[in-house]
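A short write-up of the structure that comes next.
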Amino acid sequence: MQHEAHAHHHEATAADAWATAVRATLHCLTGCAIGEVLGMVIGTALGWETVPTLILAITLAFFFGYALTLRGVLSAGVGLRAALKVALAADTLSIAVMELVDNGVIVLWPGAMDAELADPMFWWVLAIALAVAFVLTTPVNKWMIGRGKGHAVVHQYH
């Protein structure tokens, strides 16, 4: 009986860890998607080449990813310096993996970087890239949370 209770607790803990990782990744995806879409839209609208557009999109993805975490931590009454440290610790690896994956998909997808804003390919490839990034970043977040890192650090402020 005691063994069954331990096994059930372990299953619940594992399920909770995955649920927390999914929420953390959705949080990261939101900030990254805002920055990514904005960067791609600006770069494409201005007719920029691939590299400057990607640099802008990645920069904005990090900015908005950190900004969303900062908003929550600051609202918990944490000072700006401490909140910045929390955001950097919580989000850097997650955003980096997400950006590497989603920009990798976009760059490798034939014709995606040449698609204009009015071209459905622009939007479909961007959506697919973000979905693939979500799937591949979730296990990274679960691994970090399981070690008390990443969004596990942020949860103490909620």
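The values are calculated or read from the model by the stated rules, or taken from the named source; none is laboratory data. It should be emphasised that the depicted structure is a prediction, and the values quoted were computed from it without experimental measurement. Please note: Cβ atoms are built from the backbone with ideal geometry, for glycine as well, and neighbour counts cover all protein chains shown. Surface accessibility is based on the protein's heavy atoms, side chains included, excluding ligands, DNA and RNA. Shrake-Rupley method; radii C 1.70, N 1.55, O 1.52, S 1.80 Å.
Calculate log10 I(q)/I(0) of the range 9-69 for q = 0.14, 0.16, 0.19, 0.24 Å⁻¹, where I(q) comes from the Debye formula with a single equal point scatterer on each Cα and nothing for solvent. Evaluating at q = 0.14, 0.16, 0.19, 0.24 Å⁻¹ gives log10 I(q)/I(0) of -0.48, -0.56, -0.66, -0.84. The listed peptides 60-73, 79-92, ordered by packing as a protection proxy, come out as 60-73, 79-92 (highest mean of other Cβ atoms within 10 Å first).
Take the Cα of residue 63, step 7 Å toward its Cβ, do the same at residue 92, and the gap between the two points is 2.0 nm. Computed on the chain, with alpha-carbon pairs under 8 angstrom and 6+ residues apart, the relative contact order is 28 percent. Go ahead and set up a Gaussian network model of the chain, Cα springs under 10 Å, then flag whichever of 40, 121, 98 fluctuates most. Ranking 40, 121, 98 by mean-square fluctuation puts 121 first.
If I compute solvent accessible area with a 1.4 Å probe over the protein chains, what percent of it on the chain is carbon and sulfur?
71
One quarter of the convex hull surface built on the alpha carbon atoms of the chain amounts to 10.9 nm², the projected area averaged over directions. Paramagnetic label reach from residue 116 (point 7 Å along Cα→Cβ; backbone nitrogen cut-off under 14 Å): within the range 46-74, residues 46-48. Distance between the 7 Å Cα→Cβ label points at residue 19 and residue 123: 3.4 nm. For the Cα trace of the range 61-128, dividing Rg by the Kirkwood Rh returns an Rg/Rh value of 1.17. Please list the helices of the chain that count as membrane-span-like by this rule: a mean Kyte-Doolittle hydropathy of at least 1.6 together with Cα atoms stretching 24 Å or more along the helix axis, each helix being a complete DSSP H run. Length and hydropathy pass: 50-75.
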